[in-house]
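Q: Mind having a look at this structure? Questions to follow.
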Amino acid sequence: MPFNLLLLPLLGGYIFISKCNKTLFDSKRHSGQRLLIESAVWGLIFLIISHITSKFLISTFPAFYEWWKWLVPFRHSGVAFGAFLIGLCSWPIVNKFSSRRHEQKKAIEKWNDYLEIILDQALENTKQLMVTLKNGKVYIGFVLWPFNPEYDRKYIFILPTVSGYRNKDTHELELTTQYTSVYKQMIEEEAERLVLGVEDFRILVPISEIVSAHLFDSLAFEKFNPLPSATEEE
């Protein structure tokens, strides 16, 4: 088969792995060379399926074979084009049998990125997250925006409920600002204002600045360390 015709099954393989739930999360993180190999492997699979299918079509519908030879007078062009079509059209069918959410969780576990695992748990279970930054600042709050393991995360948005800092000498946590009372006051004053106001409280945290992160249980924490009653703004 001419090399230029092999580009068709290669393209079909790339489309499939970048759209199929079972492969798209890994494909987004592969390097260029690894991505090319993955596309070629799936393209070869589709090429074999297309070859078998073409044999059946030639024996069953010889008139169709003659029409294709007249339309595209290149040897093996039908097999190559068939492989491309399989890659183009098969991923929606496969996705019906594989949940995107399930494959997301599998991808996170496979890559063993513990920060991603914690972020996913915080979002799925609506739990608060405590993050400590390099400058000693500590934020406790809810992670905003759905997590997508297709891409490397560089930032996270947190809606803080409490913030504070780590003591430079003892590294003990000292909480200084409680945001929940402010949110409550905003709800009481004007419900529409909360939509705009909460957006103003979002905090953009670069992943590179995070020293530690873990799920936060406010009820358990308050038994040992009562949260501050002050509502001072930073």
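The values are calculated or read from the model by the stated rules, or taken from the named source; none is laboratory data. Keep in mind it's a predicted model, so treat the numbers as computed, not measured. Positions of Cβ are generated from backbone atoms using ideal geometry, with glycine treated the same way; all protein chains shown enter the neighbour counts. Areas reflect the complete protein model, heavy atoms only, side chains present, ligands, DNA and RNA absent. Shrake-Rupley method; radii C 1.70, N 1.55, O 1.52, S 1.80 Å.
Q: Are there GluC sites (Glu not before Pro) in region 58-117 that DSSP marks as loop and that have at most 15 other Cβ atoms within 10 Å, and which are they? Walk me through the numbers before you get to the answer.
A: On the way: sites: GLU66, GLU103, GLU109, GLU116; in loops: none.
Hits after loop and neighbour filter: nothing returned.
Q: Can you tell me, using C-alpha contacts under 8 Å and at least 6 residues apart, the relative contact order of region 1-64 as a whole percent? Present the calculation step by step, with values, prior to reporting the outcome.
A: On the way: 44 pairs, mean separation 24.0, N = 64.
Relative contact order, region 1-64: 38 percent.
Q: Which trypsin sites (Lys or Arg not before Pro) does region 40-114 hold that lie in a coil by DSSP with at most 14 other beta carbons within 10 Å?
A: Values: sites: LYS55, LYS69, ARG75, LYS96, ARG100, ARG101, LYS105, LYS106, LYS110; in loops: ARG75, LYS96.
Those that pass, being in a loop and sparsely packed, are ARG75, LYS96.
Q: Among PHE74, GLY87, SER99, which residue has its Cα positioned farthest towards the positive end of the charge dipole of region 60-127, with +1 placed on the Cβ of Lys and Arg, -1 on the Cβ of Asp and Glu, and the dipole taken about the Cα centre?
A: Of the candidates, PHE74 comes out farthest on the positive side.
Q: Please tell me the relative contact order of region 32-86 in percent, rounded to the nearest whole number, where contacts are Cα pairs under 8 Å and at least six residues apart. It would help to have the intermediate numbers written out before the result.
A: Working: 25 pairs, mean separation 28.5, N = 55.
Relative contact order of region 32-86: 52 percent.
Q: Could you list the chymotrypsin sites (Phe, Trp or Tyr not before Pro) in region 28-98 that lie in coil according to DSSP, counting only those with at most 14 other Cβ atoms within 10 Å of their Cβ? Write down the numbers at each step before the final one.
A: Values: sites: TRP42, PHE46, PHE56, PHE64, TYR65, TRP67, TRP68, TRP70, PHE74, PHE81, PHE84, PHE97; in loops: PHE74, PHE97.
Answer by residue number: PHE74, PHE97.
Q: Something else: Taking the Cα centre of region 1-106 as origin, sum charge times position over the Cβ atoms of Lys and Arg (+1) and Asp and Glu (-1), and report the length of that vector in debye to the nearest 20.
A: Working: 13 positive and 4 negative charges, 104 e Å.
With Lys and Arg at +1 and Asp and Glu at -1, about 500 debye.
Q: When the solvent-accessible surface of protein heavy atoms is calculated with a 1.4 angstrom probe, in what order do TRP111, TRP91, TRP145 fall, highest first?
A: Details: TRP111 100, TRP91 70, TRP145 135 Å².
Descending accessible area places them as TRP145, TRP111, TRP91.
Q: Round to a whole angstrom and tell me the spacing of the C-alpha centers of region 78-106 and region 110-124.
A: Rounded to whole Å, the Cα centres lie 26 Å apart.
Q: Turning to a different aspect of this structure: Show the residues, 5+ positions off or on another chain, whose built amide H is closer than 5 Å to the amide H of ILE156.
A: Here VAL205, ILE207 satisfy the definition.
Q: How large is ³J(HN,Hα), in whole Hz, for each residue of region 91-99 in order, when computed from phi with the Karplus curve 6.51 cos²θ - 1.76 cosθ + 1.60 and θ = phi - 60°, using x for Gly and Pro?
A: 5, x, 5, 5, 5, 5, 10, 9, 6
Q: Which length gain, in nm to one decimal place, applies between LYS168 and PHE142 when the Cα-Cα distance is subtracted from 0.36 nm times their residue separation?
A: Numbers: separation 26, 0.36 × 26 = 9.36 nm, distance 2.56 nm.
Net length gain for the segment: 6.8 nm.
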